[in-house]
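Some notes on the structure that comes next.
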Amino acid sequence: MQAVHLSRRWQTQNWSVAEVEALFALPFIDLMFRAQSVHREYHAANKIQLSTLLSIKTGGCSEDCGYCPQAARYQTGVENEAILDVATVVSTAKLSKQNGASRFCMGAAWRGPKQRDLDPVLEMVREVKALGLETCCTLGMLKDGQAEQLKAAGLDYYNHNLDTAPEKYGDIVTTREYQDRLDTLDRVRGAGINVCCGGIVGMGESRTERAGLIAHWPASIHRQSRCPSITSYKSKAHQCTISWQVNAPSTGRSSSAPSRRHASPCRTVL
Ligand code: SF4
């Protein structure tokens, strides 16, 4: 029952860093039990959703996220590619559905979309939604009005990660601020789109900073989102954007992170 109380509190209040650190200190088996108890409160125990993530625009990004080989300023071997055409995206989505996916996510390496970027994405969302798939996008930061356009096109989820703890943010990204991420999440929720939000660990943050990433997660995001989704920087196990980072240095900026092209859409189990 304690796990149930924890999950309800998680959705309504912020936690202190000390409280999260106390959770970290629990025996691993106890943590697994609590996690399973919370999971079974909200989800069928042995049911998973299969999703496919396709990079619709790869490389050449103006941001400087220290974990990402798509940043134009890092020499990673990832080429700057034009946005995929709508027909290619739709045919990939059809294939994903045939292979069992029920959600299709379209990711683009942008600081944020300009209107001329957004227009073809809106068409992709409409076409993918018409296939009977749930739709998800991750396009970077959104300006006023853009989330509403995506909602009107049929977007179900928007992925936007908080990257790392607020105290650590300047060590990982300098081209935007932590508050910028929160502002985009507010726009997404304000438009009635589900938030898919997470963070990355293993980038040199301290245990306390890692606890801070969770503790500072706004309670308002908990209530309407699939989060927090915490991903290990070295892990192959979760998101495609993270699998790009396999074997990259665990701290600081990298000029030699390995490349991975968009042509192999990977699958995410949510
Ligand atoms: S994580 Fe996204 S915003 Fe950051 S450099 Fe990579 S593609 Fe750009």
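Check off (1) away from the ligand (no atom under 14 Å from the Cβ); (2) crowded, with 17+ Cβ neighbours inside 10 Å; (3) at positive phi for residue 140 and give me the number that stays unchecked.
The failed condition is (1).
Determine whether the stretch 68-86 contains at least one residue that is within 16 Å of the ligand (Cβ to nearest atom), at pLDDT 95 or above, within 19 Å of the chain's Cα centre (by Cα) and assigned to a helix (DSSP H, G or I).
No: the stretch 68-86 contains no residue that is within 16 Å of the ligand (Cβ to nearest atom), at pLDDT 95 or above, within 19 Å of the chain's Cα centre (by Cα) and assigned to a helix (DSSP H, G or I).
Please state which of the following conditions residue 114 fails to meet, knowing it meets all the rest: (1) closer than 27 Å to residue 176 by Cα; (2) more than 16 Å from the ligand (Cβ to nearest atom).
Against the list (1) closer than 27 Å to residue 176 by Cα; (2) more than 16 Å from the ligand (Cβ to nearest atom), residue 114 comes up short only on (2).
From the list 135, 58, 92, which one is surrounded by 18 or more Cβ atoms within 10 Å (Cβ to Cβ), within 16 Å of the ligand (Cβ to nearest atom) and either closer than 25 Å to residue 188 by Cα or over 18 Å from the mean Cα position of the chain (by Cα) (or both)?
It is 58.
Would you check which residues across the stretch 143-161 are farther than 14 Å from residue 185 by Cβ and either in contact with a strand residue (DSSP E or B) (Cβ under 8 Å, 6 or more places away or on another chain) or surrounded by 15 or more Cβ atoms within 10 Å (Cβ to Cβ) (or both) and list them?
Of everything in the stretch 143-161, those that are farther than 14 Å from residue 185 by Cβ and either in contact with a strand residue (DSSP E or B) (Cβ under 8 Å, 6 or more places away or on another chain) or surrounded by 15 or more Cβ atoms within 10 Å (Cβ to Cβ) (or both) turn out to be 148, 149, 151, 153, 154, 155, 156.
The values are calculated or read from the model by the stated rules, or taken from the named source; none is laboratory data. If you're wondering where the values come from, they're calculated on a predicted model, not measured in any experiment. Every residue, glycine among them, receives a Cβ derived from its backbone with ideal geometry; neighbour counts consider all protein chains shown.
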